[in-house]
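Q: Could you have a look at this structure, given as structure tokens, before my questions?
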There are 2 protein chains.
Amino acid sequence: MSQHLTRQNKLQQKIKENGIQGYLVSQNVDIFYLTGSMQTGYLFIPVEGEPVFYVRRSVQRAQEESSCTVKALGSFRNFGEILKTDFPQIFNSNNESILATEFDVLPIQIFNRLQSIVPNVKWKDGSVLIREIRMIKSSDEISMIKTAARAVDQALQQALGKLKAGMTEVEWMSEIEYYLRLQGHFGLMRMRGFNQELVTGMVAAGIAAAKPTYFDGPAGGEGLSPANPQGSGKNKINRNEPVLVDLGCCIDGYVIDQTRTVVIGELSKDLVKAYQTAEHILKSTEAMLKPGTLCEDLYFNALELAEGAGLKDHFMGYGADQVKFLGHGIGMEIDEYPVLAKGFKYALEPGMVIAIEPKFTFPESGVVGIEDTYLITENGFEKLTVTRDGVISVTS
Amino acid sequence: MSQHLTRQNKLQQKIKENGIQGYLVSQNVDIFYLTGSMQTGYLFIPVEGEPVFYVRRSVQRAQEESSCTVKALGSFRNFGEILKTDFPQIFNSNNESILATEFDVLPIQIFNRLQSIVPNVKWKDGSVLIREIRMIKSSDEISMIKTAARAVDQALQQALGKLKAGMTEVEWMSEIEYYLRLQGHFGLMRMRGFNQELVTGMVAAGIAAAKPTYFDGPAGGEGLSPANPQGSGKNKINRNEPVLVDLGCCIDGYVIDQTRTVVIGELSKDLVKAYQTAEHILKSTEAMLKPGTLCEDLYFNALELAEGAGLKDHFMGYGADQVKFLGHGIGMEIDEYPVLAKGFKYALEPGMVIAIEPKFTFPESGVVGIEDTYLITENGFEKLTVTRDGVISVTS
């Protein structure tokens, strides 16, 4: 059975359990995950029977890429009639059918049009169902995340040779991105969250890394301007200040996420201590990484350790801009399930891939920390990040 | 009056004309346009009186960046109460108030939460209202688009020195992107359309450029894989084949969009003729660029010229994958108003900025064409693109 068919069957099982008769998949990443093609259109998955991928553009390419049944979507106005013809048991039922779609990403305007073309159904939010399936990675997916991990490591090693005091953040970031692109990085990393955007992460030096941002992470960077208020900016990288290097890339659709603390020269004792606390939290988290551990417990444990080290106010951001998590799932998007945060009661399961990123923010000196990505296995974990840990000191 | 205040007043005028009592602005780009800050939250613009920017994160940064009244959003659950307190005439009215938000981008999930916290209002789609205001650029905006135009020109000139037959598309694109990034390119270009994504455009060589894609443009490129099915890919750039170089960048929030046809060696006579037809269409379009011309008429004129040249089937894509437009507005997003397409009855107005991109697709040899960006002025137009026109031939 193809992995796309397996995924479709999992979704059929989920919607059956939830009393849903069909799932209209609308988002590019979800469609790719379920069909192997990212052409635009809608994938309709009935609770039983064969799904159909209705493609707006390009039908030819969808047929080449996907083993699904592909049909031309044609005029959107007729889409309701087509669905009624292809799935009469769902759309011409005497009982009102329940359909799901991704309420977390689908814009209202498109949803209103969908409601108007199939008026006699009830819609439910199916985003969690698909995110839960995507949370458990197949061996193919893990292998692609490993490829991305090696690419980031190699790009970082190559770019370290070019790092000089006095360069701006974006100058050094351009070097890293150049090497990533040559290895097949798409150029941006996909995010599911509304209004969130990410290129390759950031190089952020000294207090610029500590600048609060809208970005849903412990550090965002100052960015290039108020219109790009996140990531690397025009600040110079100075000697003896922490440089937060939070990197990822997207190769064949899969991302990696890792952070290293780099310094030209050496860090102050306080920052070294904070960095060591971050590594200690990571090691302590690793000891809990095995099937059965609740996601929120990883966060609580880290919070306790940060507090014990007297660094609670600096953990995962500072003051009003602290974020309330320790890590997040990754895969095709950087903000996947599970989240290591209060309220996330998922138990760890084999196949989950999680980036864990203990960091400490000091508004007057910068951000230090580490981030590694882990696969949960039957017996514990496998670290997918290949870059060595420890502060990376260079002399030039 | 600050330009943000002017924009807020324009929106207030628009909603007044449409019988709307308030606009809850939700999208990052719209919020930036109206406040000068891109922090996350909601900007509430009442039909009369002072707007308030409710910020989730970072309040501090929003206060630094924006001259708006900034308040902490706090818990989303209390947002309804806060709105009732701050705008009692709208939320405690005896008559049901009508509110607008951007139905074209706001996800259903967030909209449902908004509906639940302020249950006694009626919601309308306000996306067109804000897009119409953004369609007319201020002199500051035009100056930023010119900066982006110069950056793309310079990056292209620098990268042309590195172009060699046998390089892959993405190898050469990495060079272009590197130079763009050094000039302050954010790393991606924003798009408003659902499921659309864009990094810097594409370098697409020979038949790879003619591959149909989901992307809402006349040519999309093969891309790196089915998970990134657009833009530059791993195809080699060969001598004597057309290389479509469709480039943009985003500097301080503003984008430019231009296309040049590059060749190592020379093009076949047929392709030269098609390229010349594209330039002829562009010149003919220029002659119509002045206030009063209807947007759709520019498309009809181009279509007629393409047909007259015997190239109708190749114009703006090929066969089932042709797109039905000649160009599009640009500004902070690459897919702004107006669109030069059937049904777009906007008359050209001073301040509009439009990318015009006549292209011809030949599935067996590639894509040729040109794209320039224009400002509509009182008396005609100003070309914002600075790269010289004509096929760019290099010898190496």
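Q: Kindly evaluate A:Tyr337 against the criterion of being closer than 20 Å to A:Leu384 by Cα, of a type in the set (Phe, Trp, Tyr) and modelled with pLDDT of 95 or more.
A: Working: closer than 20 Å to A:Leu384 by Cα: yes; of a type in the set (Phe, Trp, Tyr): yes; modelled with pLDDT of 95 or more: yes.
The answer is yes for A:Tyr337.
Q: Which residue pairs have Cβ atoms closer than 7 Å, lie 6 or more positions apart in sequence or on different chains, and pair a first residue in the stretch B:3-21 that is part of a helix (DSSP H, G or I) with a second residue that is open to solvent by 40 Å² or more (accessible area, probe 1.4 Å)?
A: Note: pairs meeting the criteria are B:Gln3/B:Asp140; B:His4/B:Ser67; B:Gln12/B:Glu48.
Q: Quick check: is even one residue across the stretch B:306-319 assigned to a strand (DSSP E or B) and within 24 Å of the chain's Cα centre (by Cα)? Talk me through it step by step, then tell me what you get.
A: Residues of the stretch B:306-319 assigned to a strand (DSSP E or B): B:315.
Filter again for within 24 Å of the chain's Cα centre (by Cα), leaving B:315.
There is at least one residue in the stretch B:306-319 that is assigned to a strand (DSSP E or B) and within 24 Å of the chain's Cα centre (by Cα).
Q: Same structure, new question: Please tell me if B:Glu96 is acidic (Asp, Glu), open to solvent by 20 Å² or more (accessible area, probe 1.4 Å) and at pLDDT 95 or above.
A: Numbers: acidic (Asp, Glu): yes; open to solvent by 20 Å² or more (accessible area, probe 1.4 Å): yes; at pLDDT 95 or above: no.
The answer is no for B:Glu96.
Q: Of all residues in the stretch B:34-53, which are touching an Asp or Glu at 6+ places or on another chain (Cβ under 9 Å) and within 13 Å of another protein chain (Cβ to nearest Cβ)?
A: Matches in the stretch B:34-53: B:Thr35, B:Gly36, B:Ser37, B:Met38, B:Gln39, B:Thr40, B:Leu43.
Q: Given the criteria open to solvent by less than 10 Å² (accessible area, probe 1.4 Å), over 17 Å from the mean Cα position of the chain (by Cα) and assigned by TED's automatic domain parsing to the domain that holds A:Arg239, does A:Thr377 qualify?
A: Details: open to solvent by less than 10 Å² (accessible area, probe 1.4 Å): no; over 17 Å from the mean Cα position of the chain (by Cα): yes; assigned by TED's automatic domain parsing to the domain that holds A:Arg239: yes.
The answer is no for A:Thr377.
Q: Given (1) on the phi < 0 side of the Ramachandran plot; (2) assigned to a loop (DSSP other than H, G, I, E, B); (3) assigned by TED's automatic domain parsing to the domain that holds B:Asp252, where does B:Ala159 come up short, assuming only one miss?
A: Result: B:Ala159 fails condition (2) only.
Q: Of all residues being more than 14 Å from chain A (Cβ to nearest Cβ) and among the aliphatic types (A, V, I, L, M) in the stretch B:6-30, which is nearest to B:Phe91 (Cα to Cα)? Just the residue, please.
A: So the first thing to find is which residues in the stretch B:6-30 are more than 14 Å from chain A (Cβ to nearest Cβ), and the list is B:6-23.
Restricting the remaining residues to those that are among the aliphatic types (A, V, I, L, M) gives B:11, B:15, B:20.
Values: B:Leu11: 19, B:Ile15: 16, B:Ile20: 13 Å.
That would be B:Ile20.
Q: If the requirement is being more than 14 Å from every other protein chain (Cβ to nearest Cβ) and open to solvent by less than 20 Å² (accessible area, probe 1.4 Å), which of these qualifies: B:Pro242, B:Pro291? Can you show your working first?
A: Numbers: B:Pro291 fails: open to solvent by less than 20 Å² (accessible area, probe 1.4 Å).
So the residue among B:Pro242, B:Pro291 that is more than 14 Å from every other protein chain (Cβ to nearest Cβ) and open to solvent by less than 20 Å² (accessible area, probe 1.4 Å) is B:Pro242.
Q: Testing B:Val47 on (1) over 18 Å from B:Ser138 (Cβ atoms); (2) open to solvent by 50 Å² or more (accessible area, probe 1.4 Å); (3) of a type in the set (Val, Ile, Thr), one condition comes back false. Which one is that?
A: Against the list (1) over 18 Å from B:Ser138 (Cβ atoms); (2) open to solvent by 50 Å² or more (accessible area, probe 1.4 Å); (3) of a type in the set (Val, Ile, Thr), B:Val47 comes up short only on (2).
Q: Here's another thing I want to ask about it. Which of the residues that make up the stretch A:333-351 are open to solvent by less than 30 Å² (accessible area, probe 1.4 Å) and in contact with an Asp or Glu (Cβ under 8 Å, 6 or more places away or on another chain)?
A: Within the stretch A:333-351, A:Ile334, A:Leu340, A:Ala341 meet the criteria.
Q: For the stretch A:24-53, which positions are farther than 23 Å from A:Glu336 by Cβ and either part of a helix (DSSP H, G or I) or more than 27 Å from the chain's Cα centre (by Cα) (or both)?
A: A:Pro46, A:Val47, A:Glu48, A:Gly49, A:Glu50, A:Val52
Q: Given B:Ser127, B:Ser143, which one is out of contact with any Cys (no Cβ under 6 Å at 6 or more places or on another chain), in the same structural domain as B:Ile376 (by TED's automatic domain parsing) and among the hydroxyl-bearing types (Ser, Thr, Tyr)?
A: Numbers: B:Ser127 fails: in the same structural domain as B:Ile376 (by TED's automatic domain parsing).
Of the residues listed, the single one that is out of contact with any Cys (no Cβ under 6 Å at 6 or more places or on another chain), in the same structural domain as B:Ile376 (by TED's automatic domain parsing) and among the hydroxyl-bearing types (Ser, Thr, Tyr) is B:Ser143.
Q: Going residue by residue through the stretch B:70-77, is there one that turns out to be within 21 Å of B:Gln13 (Cβ to Cβ), open to solvent by 30 Å² or more (accessible area, probe 1.4 Å), within 14 Å of another protein chain (Cβ to nearest Cβ) and of a type outside the set (S, T, N, Q)? Explain how you work it out, then say what you get.
A: Residues of the stretch B:70-77 that are within 21 Å of B:Gln13 (Cβ to Cβ), as a first pass: none.
No; the residues of the stretch B:70-77 include none that is within 21 Å of B:Gln13 (Cβ to Cβ), open to solvent by 30 Å² or more (accessible area, probe 1.4 Å), within 14 Å of another protein chain (Cβ to nearest Cβ) and of a type outside the set (S, T, N, Q).
Q: Determine which member of the set B:Glu333, B:Glu349, B:Glu286 is in a loop (DSSP other than H, G, I, E, B) and under 28 Å from B:Val203 (Cβ atoms).
A: Values: B:Glu349 fails: under 28 Å from B:Val203 (Cβ atoms); B:Glu286 fails: in a loop (DSSP other than H, G, I, E, B).
Going through B:Glu333, B:Glu349, B:Glu286 in turn, the sole match is B:Glu333.
Q: Let me ask something else about it. Residues A:Val55, A:Val59: which one is farther than 19 Å from A:Ile98 by Cβ, surrounded by fewer than 22 Cβ atoms within 10 Å (Cβ to Cβ) and touching a Gly at 6+ places or on another chain (Cβ under 9 Å)? Before the answer, list the steps.
A: Details: A:Val55 fails: surrounded by fewer than 22 Cβ atoms within 10 Å (Cβ to Cβ).
Selected residue: A:Val59, the only one of A:Val55, A:Val59 that is farther than 19 Å from A:Ile98 by Cβ, surrounded by fewer than 22 Cβ atoms within 10 Å (Cβ to Cβ) and touching a Gly at 6+ places or on another chain (Cβ under 9 Å).
Per-residue answers, yes or no, for (1) open to solvent by 40 Å² or more (accessible area, probe 1.4 Å); (2) closer than 26 Å to B:Val203 by Cα:
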{"residue": "A:Ile130", "(1), (2)": "no, no"}
{"residue": "A:Ser143", "(1), (2)": "yes, no"}
{"residue": "A:Val152", "(1), (2)": "no, yes"}
{"residue": "A:Ala159", "(1), (2)": "no, yes"}
{"residue": "A:Met167", "(1), (2)": "no, no"}
{"residue": "A:His185", "(1), (2)": "no, yes"}
{"residue": "A:Leu188", "(1), (2)": "no, yes"}
{"residue": "A:Met191", "(1), (2)": "no, yes"}
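Q: Turning to a different aspect of this structure: May I ask you to verify whether B:Tyr275 is in contact with a Gly (Cβ under 9 Å, 6 or more places away or on another chain) and away from every other protein chain (no Cβ under 14 Å)? Quick ask: steps written out before the conclusion?
A: On the way: in contact with a Gly (Cβ under 9 Å, 6 or more places away or on another chain): yes; away from every other protein chain (no Cβ under 14 Å): yes.
It is true that B:Tyr275 is in contact with a Gly (Cβ under 9 Å, 6 or more places away or on another chain) and away from every other protein chain (no Cβ under 14 Å).
Q: Say we look at the stretch A:26-35 and pick out the residues that are buried (at least 24 other Cβ atoms within 10 Å of the Cβ) and of a type in the set (Val, Ile, Thr); which of these is nearest to A:Val128 (Cα to Cα)?
A: Checked the stretch A:26-35; the qualifying residue nearest to A:Val128 (Cα to Cα) is A:Ile31.
Q: What number goes with the only condition from (1) open to solvent by 10 Å² or more (accessible area, probe 1.4 Å); (2) more than 14 Å from chain A (Cβ to nearest Cβ) that B:Ile264 does not pass?
A: With (1) open to solvent by 10 Å² or more (accessible area, probe 1.4 Å); (2) more than 14 Å from chain A (Cβ to nearest Cβ) applied to B:Ile264, the lone miss is (1).
Q: May I pose another question? So A:Lys324 clears everything in (1) in contact with a Phe, Trp or Tyr (Cβ under 9 Å, 6 or more places away or on another chain); (2) buried (at least 17 other Cβ atoms within 10 Å of the Cβ) except one condition, right? Which one?
A: Only one criterion in (1) in contact with a Phe, Trp or Tyr (Cβ under 9 Å, 6 or more places away or on another chain); (2) buried (at least 17 other Cβ atoms within 10 Å of the Cβ) is unmet by A:Lys324, namely (2).
Q: Taking the condition modelled with pLDDT of 95 or more, closer than 18 Å to B:Gly253 by Cα and more than 9 Å from chain A (Cβ to nearest Cβ), does B:Ile207 pass?
A: no
Q: Something else: Are any residues in the stretch B:171-194 facing another protein chain (nearest Cβ under 7 Å) and under 14 Å from the mean Cα position of the chain (by Cα), and if so, which ones?
A: Listed by number, the residues that qualify are B:Leu188, B:Phe194.
Q: Quick one: in the stretch B:37-57, of everything that is out of contact with any Phe, Trp or Tyr (no Cβ under 6 Å at 6 or more places or on another chain) and small (Gly, Ala, Ser), which residue is farthest from B:Asp252 (Cα to Cα)?
A: B:Gly49
Q: Still on this structure: How do the strands (runs of 3 or more DSSP E) wholly within the stretch A:69-155 filter down when requiring 1 or more residues that are under 30 Å from the mean Cα position of the chain (by Cα) and free of Cβ contacts under 8 Å to residues at least 24 places away in the same chain: which remain?
A: So the answer is A:69-72.
Q: What tally of residues in the stretch A:54-68 results from selecting those that are facing chain B (nearest Cβ under 8 Å) and outside any strand (DSSP E or B)?
A: So in the stretch A:54-68, the residues facing chain B (nearest Cβ under 8 Å) come out as A:56-61, A:65.
If we keep only those that are outside any strand (DSSP E or B) too, we end up with A:58-61, A:65.
Residues in the stretch A:54-68 being facing chain B (nearest Cβ under 8 Å) and outside any strand (DSSP E or B): 5 in total.
Q: Could you please find all residues in the stretch A:200-233 being within 22 Å of B:Pro107 (Cβ to Cβ) and open to solvent by 10 Å² or more (accessible area, probe 1.4 Å)?
A: Hits for the stretch A:200-233 are A:Phe215, A:Asp216, A:Gln230.
The values are calculated or read from the model by the stated rules, or taken from the named source; none is laboratory data. From a predicted model like this one, the values you see are computed outputs, not experimental measurements. Note: ideal-geometry Cβ built from the backbone for every residue, glycine included; neighbour counts use all protein chains shown. The area values use the complete protein model at the heavy-atom level, side chains included, leaving out ligands, DNA and RNA. Shrake-Rupley method; radii C 1.70, N 1.55, O 1.52, S 1.80 Å.
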